[in-house]
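See below for the structure under consideration.
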Amino acid sequence: MALDKNGIAKRIAKEVKNGYYVNLGIGIPTLVANFVREDIEVEFQSENGVLGMGPFPFEGEEDPDLINAGKQTITALPGASFFDSAMSFSMIRGQHVHLTILGAMEVAENGDIANWKIPGYMVKGMGGAMDLVASAENIIVAMTHTNKNGDSKLLKKCSLPLTGVGCVKKIVTDLAVLEVTPEGFKLLERAPGVSVETIKQATEGKLIIERDIPEMDI
Amino acid sequence: MINKKVASVEAALSGVEDGMTLMLGGFGLSGIPENSISQLVKLNVKGLTCISNNAGVDGFGLGLLLHKRQIKKMVSSYVGENAEFERQMLSGELEVELIPQGTLAERCRAAQSGFPAFYTPAGYGTEVAEGKETREFNGKMYVLEHAFKADFAFVKAWKGDEAGNLIFKGTARNFNPNMCGAAKITVAEVEELLPVGSLDPNQIHIPGIFVHRIFQGSNYEKRIEQRTVRKK
């Protein structure tokens with residue numbers, strides 16, 4: 001069965017390693033923090049200016065001066081720090097942040113990503129996404145495999161305006177885990193109970209299946 | 001001590017005219033210069049170019065200026081929370097330049113620091129880089145981005161003193177420090193304006209040299225955009 005948002009987040013959490021500084025995007029990526037192993041040391045960065053971001057505050061303890069990049073009220077953990085926007089992007093551009101997890105509308109088989117604009121219909125802006133994808137060594141995309149109309153979001157070529165070129169390394173969807181290789185999308189794992197055939201049907205870009213594909217361990 | 005204190009928001013915004021380019025601090029509604037925005041609404045100055053990461057929400061922040069059609073052009077990175085903004089943009093009434101958030105911050109800092117331009121990897125290969133100079137460094141492509149030029153910068157700090165020294169709180173810091181000294185005149189509004197000597201020089205985030213006018217703000221609403229909590 002296809003994973004729900006929490007399932008995707010849970011699988012991505014396994015990619016978060018000891019000692020990582022991690023930037024989480026808005027949406028599914030935000031949920032990843034809930035599933036990271038407690039026996040490892042990890043700090044979450046939010047590009048509006050906090051490192052060491054903690055969980056949402058208890059009711060009545062919300063602080064308008066303490067929010068994340070999604071404008072949600074948050075808390076700061078012991079050891080946290082606040083900084084200005086230029087310094088925040090020094091952390092990102094300077095590759096001090098180890099892992100970036102973000103959502104996408106489309107990913108192409110060469111690693112191009114589109115997630116900020118649908119011409120003539122919706123323009124929200126790129127926020128920090130262009131800086132993040134242009135700079136990060138390690139980028140994981142969290143998204144559904146297909147859009148609301150059932151069309152594949154893993155394409156030969158993005159149809160929407162790009163956010164970055166050739167930058168996505170790994171994709172975790174509700175159906176599968178895939179690696180972006182020079183040859184195309186390499187299928188690594190499938191969601192529990194989801195067949196390789198289902199994933200093939202839902203993938204427009206080139207899909208590489210080299211071996212028996214194991215189920216995700218989540 | 002060079003005293004930067006002005007008595008009122010009216011005095012702080014004297015000289016603001018139609019057609020000017022303004023920088024406004026804040027991320028979402030956090031750390032926005034609420035008092036200066038209210039005064040801009042009162043002054044009813046028109047044809048403004050506003051450099052600000054976001055465009056407020058309907059009825060608050062820069063949404064107030066949008067509602068009165070005072071803004072000709074917005075320079076922002078993310079504008080998704082404002083229906084009036086989207087309507088004006090899609091209908092062509094409002095000119096919008098969307099740029100990556102890190103580039104926005106750095107274009108402020110470049111203006112503050114005397115750099116005319118800089119190279120960044122952000123936006124390479126996208127429409128953001130169209131028409132811009134690109135260059136390869138160590139096998140990677142970068143885009144040339146220029147420092148902003150602005151007439152006024154409006155920032156909001158937690159504490160300040162009469163010398164213009166500023167201390168920010170939490171993530172309300174965001175773009176505010178980067179905009180100080182990045183325009184011809186920087187106006188700082190603070191929740192608490194103190195006499196000189198009250199702030200520990202070790203704790204100052206922005207030295208007063210970057211601030212031209214400082215005033216005691218009032219009636220901060222500090223609206224929360226996305227109130228998210230967990231259960232006890």
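Starting from residues that are out of contact with any Gly (no Cβ under 7 Å at 6 or more places or on another chain) and within 19 Å of B:Cys108 (Cβ to Cβ), keep the ones in the stretch B:186-203 and report whichever is nearest to the other protein chains (Cβ to nearest Cβ).
Among those residues, the one meeting the criterion is B:Thr186.
Do any strands (runs of 3 or more DSSP E) entirely within the stretch B:28-103 hold 1 or more residues that are among the β-branched types (Val, Ile, Thr) and open to solvent by 30 Å² or more (accessible area, probe 1.4 Å), and if so, which?
It comes to B:95-98.
Working only within the stretch A:28-40, note down all residues that are in a loop (DSSP other than H, G, I, E, B) and in contact with a helix residue (DSSP H, G or I) (Cβ under 8 Å, 6 or more places away or on another chain).
If the condition is that a residue be in a loop (DSSP other than H, G, I, E, B) and in contact with a helix residue (DSSP H, G or I) (Cβ under 8 Å, 6 or more places away or on another chain), then A:Val36, A:Arg37 are the ones that fit.
With respect to A:Thr173, is the statement that it is open to solvent by 10 Å² or more (accessible area, probe 1.4 Å) and hydroxyl-bearing (Ser, Thr, Tyr) true?
no
Do we have any residue at all in the stretch B:161-169 that's in contact with a strand residue (DSSP E or B) (Cβ under 7 Å, 6 or more places away or on another chain), within 12 Å of chain A (Cβ to nearest Cβ), within 28 Å of B:Pro116 (Cβ to Cβ) and at pLDDT 95 or above?
yes
Could you please find all residues in the stretch A:49-81 being in a strand (DSSP E or B), more than 7 Å from chain B (Cβ to nearest Cβ) and surrounded by fewer than 21 Cβ atoms within 10 Å (Cβ to Cβ)?
Scanning the stretch A:49-81 gives A:Gly52, A:Gly54, A:Thr75, A:Ala76, A:Leu77, A:Pro78, A:Gly79, A:Ala80, A:Ser81.
Going through B:Gly92, B:Gly19, B:Gly61, B:Gly26 one at a time, which residue ends up being of a type outside the set (A, V, I, L, M) and within 30 Å of B:Tyr119 (Cβ to Cβ)?
B:Gly26
Here is a yes/no grid of residues against (1) touching a residue at least 12 places away in the same chain (Cβ under 8 Å); (2) aliphatic (A, V, I, L, M):
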residue: A:Lys124; (1), (2): no, no
residue: A:Gly127; (1), (2): yes, no
residue: A:Met130; (1), (2): yes, yes
residue: A:Ile139; (1), (2): yes, yes
residue: A:Asn149; (1), (2): no, no
residue: A:Gly184; (1), (2): yes, no
residue: A:Pro192; (1), (2): yes, no
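Between residues in the stretch B:216-232 that are at the interface with chain A (Cβ under 7 Å from one of its Cβ atoms) and acidic (Asp, Glu) and residues that are part of a loop (DSSP other than H, G, I, E, B) and surrounded by 11 or more Cβ atoms within 10 Å (Cβ to Cβ), which pairs lie under 8 Å by C-beta distance while being six or more apart or on different chains?
B:Glu225/A:Lys71; B:Glu225/B:Gly28; B:Glu225/B:Leu29; B:Glu225/B:Glu81
If you go through the stretch A:45-56 one residue at a time, do you hit one that is aliphatic (A, V, I, L, M), farther than 23 Å from A:Ile12 by Cα and touching a helix residue (DSSP H, G or I) at 6+ places or on another chain (Cβ under 6 Å)?
Checked against the condition, which is being aliphatic (A, V, I, L, M), farther than 23 Å from A:Ile12 by Cα and touching a helix residue (DSSP H, G or I) at 6+ places or on another chain (Cβ under 6 Å), the stretch A:45-56 yields no hits at all.
If you check every pair at least six apart or on different chains, which have Cβ atoms under 6 Å apart with a residue in the stretch B:37-66 that is in contact (Cβ under 8 Å) with a residue 12 or more places away in the chain first and a residue that is of a type in the set (Val, Ile, Thr) and part of a helix (DSSP H, G or I) second?
Here the result reads B:Gln39/B:Val9; B:Leu64/B:Val41, each pair linking the stretch B:37-66 to a residue that is of a type in the set (Val, Ile, Thr) and part of a helix (DSSP H, G or I).
Considering the stretch A:82-98 alone, what residues qualify as being among the small types (Gly, Ala, Ser) and facing another protein chain (nearest Cβ under 9 Å)?
A:Ser85, A:Ala86, A:Ser88, A:Ser90
Can you tell me which residue in the stretch B:122-144 is farthest from the other protein chains (Cβ to nearest Cβ), limited to those that are crowded, with 21+ Cβ neighbours inside 10 Å and β-branched (Val, Ile, Thr)?
Here the residue is B:Val143.
Using the structure shown, decide if A:Ile139 is open to solvent by less than 30 Å² (accessible area, probe 1.4 Å) and at negative phi.
So A:Ile139 passes the test.
Which condition from (1) open to solvent by 60 Å² or more (accessible area, probe 1.4 Å); (2) within 11 Å of chain A (Cβ to nearest Cβ); (3) assigned to a loop (DSSP other than H, G, I, E, B); (4) within 30 Å of B:Pro207 (Cα to Cα) is the one that B:Tyr119 breaks?
Evaluating B:Tyr119 over (1) open to solvent by 60 Å² or more (accessible area, probe 1.4 Å); (2) within 11 Å of chain A (Cβ to nearest Cβ); (3) assigned to a loop (DSSP other than H, G, I, E, B); (4) within 30 Å of B:Pro207 (Cα to Cα) leaves (3) as the failure.
Return a yes/no flag: does the stretch A:104-112 have any residue that is touching an Asp or Glu at 6+ places or on another chain (Cβ under 8 Å), touching a residue at least 24 places away in the same chain (Cβ under 8 Å) and open to solvent by less than 10 Å² (accessible area, probe 1.4 Å).
Taking every residue of the stretch A:104-112 in turn, none turns out to be touching an Asp or Glu at 6+ places or on another chain (Cβ under 8 Å), touching a residue at least 24 places away in the same chain (Cβ under 8 Å) and open to solvent by less than 10 Å² (accessible area, probe 1.4 Å).
Only one of (1) touching a strand residue (DSSP E or B) at 6+ places or on another chain (Cβ under 6 Å); (2) within 14 Å of chain A (Cβ to nearest Cβ) fails for B:Leu29. Which number is that?
Against the list (1) touching a strand residue (DSSP E or B) at 6+ places or on another chain (Cβ under 6 Å); (2) within 14 Å of chain A (Cβ to nearest Cβ), B:Leu29 comes up short only on (1).
If B:Phe210 meets every condition in (1) of a type outside the set (Ser, Thr, Tyr); (2) touching a residue at least 12 places away in the same chain (Cβ under 8 Å); (3) more than 14 Å from chain A (Cβ to nearest Cβ) apart from one, which number is that one?
(3)
Among the residues of the stretch A:113-133, which ones are open to solvent by 20 Å² or more (accessible area, probe 1.4 Å) and more than 14 Å from the chain's Cα centre (by Cα)?
Matches in the stretch A:113-133: A:Lys117, A:Ile118, A:Pro119, A:Gly120, A:Tyr121, A:Met122, A:Lys124.
Tell me which of these A:Glu215 doesn't satisfy, since it passes every other one: (1) open to solvent by 10 Å² or more (accessible area, probe 1.4 Å); (2) touching a Leu at 6+ places or on another chain (Cβ under 7 Å).
Among (1) open to solvent by 10 Å² or more (accessible area, probe 1.4 Å); (2) touching a Leu at 6+ places or on another chain (Cβ under 7 Å), A:Glu215 violates only (2).
The values are calculated or read from the model by the stated rules, or taken from the named source; none is laboratory data. Keep in mind the model is a prediction, meaning the values are calculated, not measured. Heads up, the Cβs are rebuilt from the backbone with ideal geometry, glycines too, and the neighbour counts pull from every protein chain shown. To get the accessible areas, we keep the full protein, side chains included, count just its heavy atoms, and leave off ligands, DNA and RNA. Shrake-Rupley method; radii C 1.70, N 1.55, O 1.52, S 1.80 Å.
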